[in-house]
Each structure stands twice: as structure tokens, then as C-alpha cells.
């Protein structure tokens, strides 16, 4: 590792908020920059983790009405008030302009970087050869059906004790503090276009970003609506960009505007027939619209490299099962698991398929496999309970019902309805036995 040179001034070396020494007489090594609005629930954990390894934290507040500014002033070196102008890039670039570090790390308020990884990052930077680096974000979720879902590997038990799975995303988060590196795009903003113009590489570093917002359903519908509006403006600026159509189509899909989503995703595929995420999302959209034959047509028309993707094979299975083709669906799910043995959504779908076939023993087995890779999957535990009860194993089923009820209050009504049905069945059996 290259040594940092310092001037002998006789003065104490400056320290960042974390107490990390910065070079005397020179710029600090690393600034963390983020934008925030009404993030009081997440911001303390984010800033406290950053303070362990960065020299400077810059927070650009875009109009919070909660305690976010107070928390930021307590834990960050610089807090900016940036009026919201409907442009995420503008807000992010305001934070970059205020940073004094030689390197900039960009995070969001509902994200955490483990201090252990931060320390490794800090040791790496003084001799880092590139101008920018990408980081993988672990977007934690309870939804195993999300494309790209990955089982937790147990590396961060202190951050993720329930071992929620995640879907990974990769983008540039770390780059040299150069004026030509700035964000672009009103929404889904990136610095990659600026780096591409510079001819700069941005390899991936093994420093994961832990994103916890999705676990709490953090992105509310009104925010999604706002993102959709911004995406419309972005699309108007770039009408021939397949990525802009995909982003907007995905936003419409999340808002359950399936007709609008279908139109945008089909246009994306017209512009780029090999766009894998667009084909997967279009297939999901058609399934939501119950256009099962059209969904199967889209799935079967996928290029070979897309058709071999485990998540796409799972969708192909759903298409077949939705059309009553259980054997073809089962084969597709099993092929998905050959390529991704930890793909919980394929296991869930096999469990449901076995239920439809009245093979409750096999169903329970598949739900157990789901829980092996995703211990907090309440739906799998709930369905396994029902499978045990269908097999006459009442004690096992009732114990599982209790576990679900304790962990997930949203299941209470379903469990109560199941218990009432079970009681009625038992009463009927008892009455029949007495009448005999």
C-alpha cells in the first residue's frame, strides 16, 4: 500500500467525524455523500456506520419535515439544505460539490456499509489504480419471487440476523472527487455516463452495501407515483433509449398499472429484443393480467441466453401451470433449481404445485427446503403447517401456525379461518362417528 505523505507543520492532524486521521495539510481521503428526506428511522444507523471509516459525511436534505436534519447535524460534518427541483441528479451533485475528500462514496439513508468492509475499503484506496469502482447492493426483501433473489450467505449476522434474502444490484458508488464525474438523469441517476465519456473503467469491489428499506415497505405508493412522473420526463428526453422504457415500465408494473407497463416493456423489446430484464418483467406483467397464453409466447420467444436464466425458467413454469400444464411446469421449476439450487421461489412454486396435486407430503418437503435457505419466509412456514394438517399431523401443524402467528401478525386472520375450518371438520368427524 502506498504511503501517504504529510507535511510537518507542528499542528495536530485533522480528524474526521469518526476520529479517522486525515493527512495534515491535504485533502481528507474519503467523503461519504447522501441525499435524504424524512429518513429519521434509517439515518442514524447509516451515519453511525459511515463514521467508523470515512473522514467526512455530507448530507443534502431535500425538504424533510421530520427529525432528519437534526440527526444529520449531530452525525455529519456538512448538512446542506437543497430545495427539491424534481431532479435526483441535481440533489446528489450538490452533495458532491460540497465534498472535500479525494474519494467520494455515495450511499442512501436506508443503507449501511459494515465497518469491517469500510476498514478494508479505506486500506485499499491510497493505492487504488482506477478512477471509479462499482459496489454490489444487497436489497433485502421478504419476497423470494423477485427476479435475482439470492439467499443470504450468513456473512453479516449482526446486520441481518433473520437471514433475509436479497436481490443484488451493481452500480458505481465510489469514485475520485473530480468535477467531471457527476450524476445524470432526473431519476435512476447514475455517474456511469460521465465515466464512459472519460473512458474510465469501474470494476466491482467486494464491499457490499446493505439496503434495508425494502424490508419495511419503505417506498410508499406516493413515492412510486413520483418516480413514475420523473421517469416520464426522462423518457421524453430519451425516446429511443430502451433502458428508459424498461425503467418506466418497471415502475408502472410496481404500481400495478399493467396495461401501461406492458406497452412500455414491449417498446423496450422492440428497441432491444435481447433486453433480458424487460422480457422477464413483461412475462410477469402478462401473468398478472391473466393473459397466460401471451405470457407463454413471450417466455418461449426468449433468446437462448435469457431462456437459460433460472428466474426466467421459473416464470416459464408459472406460465405452464397457469395453463394447466402441470408436468411442463414442474420440469421448468426443476430446471431452474438445477441452475440455482437456492432459488426459493421455484421451491415455493413446486410446493404449491404439489398441493394442487394433493401430494401434501411432497409439498411439505418443498416448503422445508424454502425455510432452509430463507428462515424468515412466513408464507412457506404457513403453507407447511397446512400441509401437515392435511396429512393428519395436527400437532406439527398447530405448532407451525403458532410460530407464524408470533412472527407475522398479518397472518392472524388466515390462521384463525384455518382453525375454524379445522374445528368444523373435527366436529363433523365426531358427529359422523357418533351417528355410526
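Where a number appears in this text, it was derived from the coordinates with a stated rule and is not lab data. Keep in mind that this is a model prediction, so the values were computed, not measured. Here the Cβ positions follow ideal geometry from the backbone for every residue, glycine too, while neighbour counts run over all protein chains shown.
When both bridge partners sit in the stretch 30-216, DSSP labels roughly 45% of those beta bridges antiparallel. Computed from Cα positions, the angle between helix 394-407 and the longest principal axis of the chain comes to roughly 30 degrees. Principal-axis analysis of the Cα atoms of the chain puts helix 276-288 at an angle of about 40° to the longest axis. Relative to the longest principal axis of the Cα atoms of the chain, helix 378-390 runs at roughly 10 degrees.
The separation of the stretch 28-91 from the stretch 350-411, counted between C-alpha centres, amounts to 43 Å.
Each part reduced to its alpha carbon centroid, the stretch 283-325 and the stretch 110-138 end up 38 Å apart. The value of relative contact order for the chain, using C-alpha pairs under 8 Å at least six residues apart, is 10 percent. Each residue, residue 393 and residue 274, gets one label point 7 Å from its Cα in the Cβ direction; the gap between the two is 4.8 nm. The modelled label-to-label distance for the pair residue 73/residue 256, using points 7 Å beyond Cα in the direction of Cβ, is 4.2 nm. How would the stretch 30-216 be classified by its alpha-carbon gyration tensor: rounded, prolate or oblate, with rounded meaning a/c under 1.5 and the a/b versus b/c comparison settling the rest? Since a/c stays below 1.5, the shape of the stretch 30-216 is classed as rounded. In terms of packing, defined here as the mean over residues of other Cβ atoms within 10 angstrom, the peptides 97-105, 75-83 line up highest first as 97-105, 75-83. Label separation (residue 419 vs residue 368): 2.6 nm, computed from points 7 Å beyond Cα along the C-beta direction. For a Förster distance of 41 Å, can you work out the FRET efficiency between the beta-carbons of residue 128 and residue 48, rounded to the nearest 0.05? So the FRET efficiency works out to roughly 0.95.
Here the contact order of the stretch 219-307, divided by its residue count and restricted to Cα pairs under 8 Å and six or more residues apart, works out to 21 percent.
Cβ-Cβ distance of residue 232 and residue 162, R₀ of 35 Å, FRET efficiency by 1/(1 + (r/R0)^6): the value works out to about 0.40. Each listed q (0.06, 0.07, 0.11, 0.13 Å⁻¹) maps to a log10 I(q)/I(0) for the chain from the Debye sum over equal C-alpha point scatterers, namely -0.33, -0.44, -0.98, -1.24. Which FRET efficiency value, to the nearest 0.05, do you get for residue 412 and residue 206 by plugging their Cβ-Cβ distance into 1/(1 + (r/R0)^6) with R0 = 35 Å? That pair, residue 412 with residue 206, gives E of 0.25.
Counted residue by residue at 0.36 nm each, then reduced by the alpha carbon distance between them, the extension gain from residue 335 to residue 153 reaches 63.3 nm.
Normalised by the number of residues in the stretch 269-347, the average gap of Cα pairs under 8 Å and 6 or more apart makes the relative contact order 23 percent. The Cα atoms of the stretch 219-307 define a convex hull whose projected area, averaged across directions, is 5.5 nm².
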